[in-house]
Structures are given as structure tokens and as C-alpha cells.
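Below is one structure, written out as C-alpha cells; comments come after it.
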Amino acid sequence: MKDKIQRFGAAMFVPVLLFPVAGMLLGLTVMLLNPDLFPFAVEGSTYHKVVTLFLNASLVVFKNMALLFALGLPIALAKKASGRAVLATFVAYFTFNYFVGGILEAWGEQLGINYQAGELGLVDVGGVLTLDTSLLGSIVVASITVWLHNRYFDAVLPDWLGVFRGTPLVVIISFPLMCALAVVTVFVWPTIQAGIQGLQGVMLSSGAAGVWLFTFLERILIPTGLHHFIYGPVFYGPVAVDGGTVNHWIQHIPDYAASSEPLTTLFPQGGLMLTGMGKVFGSMGIALALYATASAQNKKMVLGLVLSATITAVLTGITEPIEFTFLFIAPVLFALHAILSATMATLAYLLGVSGNFQTGLIDFVFQNWLPLFGNHAATYLLQIGLGLCFTGIYFVLFRALILKFNLLTPGRGEGSVKLYTKEDFKKLKSGESLDGTMAAAFLDGLGGSDNIDSLTNCATRLRIKVKDPARVKETAFFQASGAVNVVRSGNNFQIIVGLSVPQVREEMQLLCK
């Protein structure tokens, strides 16, 4: 069950990877529409119309978030033919919403639902007014459809029914299930919606204590892979605010940029998105400490290891590459990291910081600092000052603990530090990709393709279930082949690779065929 939960949590990250690009474009266009910076940005002018056109286009991802999650989950959860699974889910998702819309149109009055456009709790999906089940509805539909796909996609039918084999069969079976799910939804969802609204009130009133606890849990659960279930319902679901905190912030950036009210007054729920403070400023302090405490002869190798991992963490907020360099060697450091990250986020919130700071510096700049700096410069300068102070605190505490307890962080023990060699680059020049080389090595280390039961990935990790764990080689083998580390739990393995993990997974799947 834990394996299934981890795989599901990792699958939720697939659509999330689309958000940074759209967010950058949105932040840039909001800044370009600021009349204080660009006096010619007058409403009604050709310049204003063109930039507004790009602003509206950048909202496509955020205004269709539920659909993106419905289509993104099958990519990671389907055991085979993931493209076909996406197609089946697309049909099932719209079928479900068309059923809900039809039921409400016919019996909305008897159900106590005011079936009118603009009514709270209703949303347009594919041209039909339906209940706004948000992320939860898309996840349920996608889960059902992927289960049907994995079970029936290869089902053998009589020759005279051969035309219905594969995706058509999955869609046929899903049709009555979507009808049944729609009936249940129209009776149950209004009650769930009322409960969610109550939960939003609790989250809103939790204040600084809520920010600390949320941020701490989001960090400390990283090793288990269950952290997705902490931030997912808040950032992309309705737990803190309808539509998710990310979507709400994105769509209201122009309003917040035009207001001089404190950010925590404008959007207090944004305090829950300060998790990126530890990712950006904390990662820099950790990297400095790892480098400073490495043996003199290993400093160059450690610099090569932590530099790319730190740049990844600071720019994108993906921290596994640097965190897994010390997580299993010195778990006490990771616990300290979670505490410091939560404390930094809480202090930032108390200083008035709120906004989309849950990833890395790219989003910090384009979705917060650039578009809102005009009216919120003082708050952001305090945030940067606080962050740099914590970079120093991280460095001092990590360095002190590593030296005091002689923790064998990278460059201090006898284990090797992986760097790409000249041979790697020769292979790259000859047309053999490093991803392919890494994939072949990992497959060998996992006991061969016949030992693979399932293979998926999240943002930085391969997630593999093997048939016989005894055939899997030691962690050192994987590290020598390019992995940061390996997490083992029975038949389930996580190989921490980095941002190239989708390409490595594709190469491994090709080798398994």
C-alpha cells in the first residue's frame, strides 16, 4: 500500500512541471503592464492589448488545472501504453462532467442546487456547467480509468469484437462507471464542499503555527515520498482556498501588484507556500557546509557534486539531489534542515511575506518580486535579508555538527564521489547519451529487465518494484553509475537521479522491451 501511495504521489508531479514556464510568462506580462515601470502601458493602447493577450494565454495552464491533473496522472500510473491511457482518461473525465451537468440541469432544483452560470460551486468543463469537484474529481476519475486501463487494455476478445480491443474497451467499461460516479457525486459533493469550506477556515486561522507545522511536515516526509500528500491538496486542491493556493495567487497577481496592503492581509493562505525559503536559502548553506567540511583532497570532487545540485535546488526548488547526498549518512542533519526550513518560513510570514514561494528562485522572481516589487519592495527586501541570514545559520550549524560528530558526509568518508569522466563525454560525442549509459547500468544493477515488476518516476527519482530484491546490487554500484543515492524498502527501490530522470526512465523502458 505504501508503494502504491508513493507512486500516486509521484504521479501528481507530472502536471506540476508545466507550472513554472506558465508562471514566468504571467509574471513577466504583469510587470510589463505596470504603468509605473512602463508609462506607455495605457489601457486601450495597442501595447496594452498585445501584452494582455499574452497574459491571458499564460493563464491556460492554471485555469485548466483539474483537466491537466486528470491527463497527467495516467502518464506515470499506466503500466503500459500510457498515451492510450491518457486518451481514455480524457474521454472518461468529460463523460463524468457531462453526466453531472445533465443531472443538475434536469433535477438541480430538487437537489437544492441553483444551476446557473456564475453560481458558487459550479464550473464550466468542455462547454457544460457542472459541479466544481476541482482536483479531487479529476484524481478520482483518472484513478478509476487507469485501473481499468491496466486491467483491460490487453484483454483478449473474440475476433468479431476485435475492433473494441484496447482503448475502446476501456472507454466502454468506464462509461457506466462514470454515470454511477456522477450520480453519487451530485448527492455527496455538496456536503464534502461544505466540509472543505470549514477546513479552509481552520487553515486560515492557524496563522504562524500552521505555517511552521505545514512546512516542517512537507520537508520531513521527503524521504518517504509522502510529502506530495501534504502540499498537493493545499497548493493545487481546495484545502486552503478554492482552486488551490497556486492557482488563486496566479490569477490575482495583477490585483495584488496594484495594492499597497500587506501581502499577508491580501492573501494570508500564501504563508503555506513559503516552503521554498528552505529550498533556496537553506540549500546554499548546506552546500557551503558540505564543501567546507570535505577533506582537502576531495574538495574539488565535492564542489562538482554539490554545485549542480544546489543550482537545481535554488532555481527550481527541486532539492532531492542535494538532500539525498547526506540524508541517509546523517539523518540528524535532515531533521535540522526541516526545523530550520519551517522556522524560516514562519519568520518570513510574521514579517508580512506571502505568495507563490513554494519552488525556487525562478518563481520567486517572475511570480512575486518582479510583478509586485513596486508596492511591496520593503517586504521582499526583508525576505531576502532573512533568507541570507538563514543561509549563514545553516552553514554554521551544519558545519559544527558534521565536525563535532564526524559525520561522513560526501568527501569525508571512503566512498567515492561520482563525477562524469572523459569516457562519459567520449560516449556523449559518439552519439551514446549519458542517459542511455546510466539507464543500462541501472538496469544491470536491478538484476536485469526480467526482474522489473514496475517502473515509474517523479521529478528526480526512479521508482522501481522488483521481483527479487536479492538480485539488486549494492548502493555503491548505482552511485558509481551516476545516482545520488538509493532508497530500499523490500521489493521497492527509489534511485535518486536528478532532473534527467524522465529521460533515464524512457531509456530503461526501451531496454526492457
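The values are calculated or read from the model by the stated rules, or taken from the named source; none is laboratory data. Quantities reported herein were computed from a predicted structural model and do not represent experimental measurements. FYI the Cβ positions are ideal-geometry reconstructions off the backbone, even for glycines, and counts take in every protein chain you see. For the accessible areas, the whole protein counts, side chains as well, though only heavy atoms, and no ligand, DNA or RNA atoms are used. Shrake-Rupley method; radii C 1.70, N 1.55, O 1.52, S 1.80 Å.
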Inset, instruction - With respect to residue 73, determine if the residue is out of contact with any Pro (no Cβ under 6 Å at 6 or more places or on another chain) and not β-branched (Val, Ile, Thr). - result: yes
Inset, instruction - Quick one: which helices (runs of 4 or more DSSP H) lie wholly within region 299-366 and hold at least 2 residues that are basic (Lys, Arg) and either open to solvent by less than 10 Å² (accessible area, probe 1.4 Å) or over 17 Å from residue 227 (Cα atoms) (or both)? - result: 299-316
Inset, instruction - Return only the number of the condition from (1) in contact with a Gly (Cβ under 8 Å, 6 or more places away or on another chain); (2) surrounded by fewer than 17 Cβ atoms within 10 Å (Cβ to Cβ) that residue 255 does not satisfy. - result: (1)
Inset, instruction - Kindly indicate whether any position in region 98-119 is surrounded by 14 or more Cβ atoms within 10 Å (Cβ to Cβ), within 27 Å of the chain's Cα centre (by Cα) and assigned to a helix (DSSP H, G or I). - result: no
Inset, instruction - Please give the number of the condition residue 8 fails out of (1) aromatic (Phe, Trp, Tyr); (2) at pLDDT 85 or above; (3) surrounded by 15 or more Cβ atoms within 10 Å (Cβ to Cβ). - result: (2)
Legend entry - Residue match in region 52-71 (condition: open to solvent by less than 70 Å² (accessible area, probe 1.4 Å), polar (S, T, N, Q), touching a strand residue (DSSP E or B) at 6+ places or on another chain (Cβ under 9 Å) and not in a loop (DSSP other than H, G, I, E, B)): no
Legend entry - Condition check for residue 33: under 24 Å from the mean Cα position of the chain (by Cα) and either more than 30 Å from residue 462 (Cα to Cα) or in contact (Cβ under 8 Å) with a residue 40 or more places away in the chain (or both): no
Inset, instruction - Return a yes/no flag: does region 183-202 have any residue that is modelled with pLDDT under 90 and over 22 Å from residue 137 (Cα atoms). - result: yes
Inset, instruction - Among what's in region 472-513 and is among the aliphatic types (A, V, I, L, M) and more than 23 Å from residue 409 (Cβ to Cβ), pick the residue that is most open to solvent (accessible area, probe 1.4 Å). - result: 510
Inset, instruction - List the number of the failed condition for residue 241; all other conditions in (1) assigned to a loop (DSSP other than H, G, I, E, B); (2) surrounded by fewer than 20 Cβ atoms within 10 Å (Cβ to Cβ) hold. - result: (2)
Inset, instruction - For region 304-319, indicate whether the set of residues that are over 22 Å from the mean Cα position of the chain (by Cα) and at pLDDT below 85 is non-empty. - result: yes
Inset, instruction - Check region 338-360 and report whether any residue there is within 20 Å of residue 216 (Cα to Cα), at pLDDT 90 or above, out of contact with any strand residue (DSSP E or B) (no Cβ under 9 Å at 6 or more places or on another chain) and among the aromatic types (Phe, Trp, Tyr). - result: yes
Legend entry - Wholly enclosed helices (runs of 4 or more DSSP H) of region 136-235 bearing at least 3 residues closer than 28 Å to residue 104 by Cβ and open to solvent by 40 Å² or more (accessible area, probe 1.4 Å): 167-205
Inset, instruction - Considering only residues that are among the hydroxyl-bearing types (Ser, Thr, Tyr) and crowded, with 21+ Cβ neighbours inside 10 Å, look in region 265-287 and name the one that is farthest from the chain's Cα centre (by Cα). - result: 283
Inset, instruction - Could you please tell me which pairs satisfy a Cβ distance under 6 Å, a separation of 6+ or placement on different chains, a first residue in region 212-234 that is farther than 24 Å from residue 350 by Cβ and aromatic (Phe, Trp, Tyr), and a second residue that is modelled with pLDDT under 90 and assigned to a helix (DSSP H, G or I)? - result: 229/9
Legend entry - Pairs where the first residue, in region 492-507, is at negative phi and part of a strand (DSSP E or B) and the second is open to solvent by 10 Å² or more (accessible area, probe 1.4 Å) and among the charged types (D, E, K, R), C-beta under 8 Å, 6+ apart: 492/2; 492/3; 492/463; 492/465; 493/463; 493/465; 494/463; 496/320
Inset, instruction - Run residue 457 past the list (1) surrounded by 24 or more Cβ atoms within 10 Å (Cβ to Cβ); (2) farther than 20 Å from residue 224 by Cα and report the number of the one that doesn't hold. - result: (2)
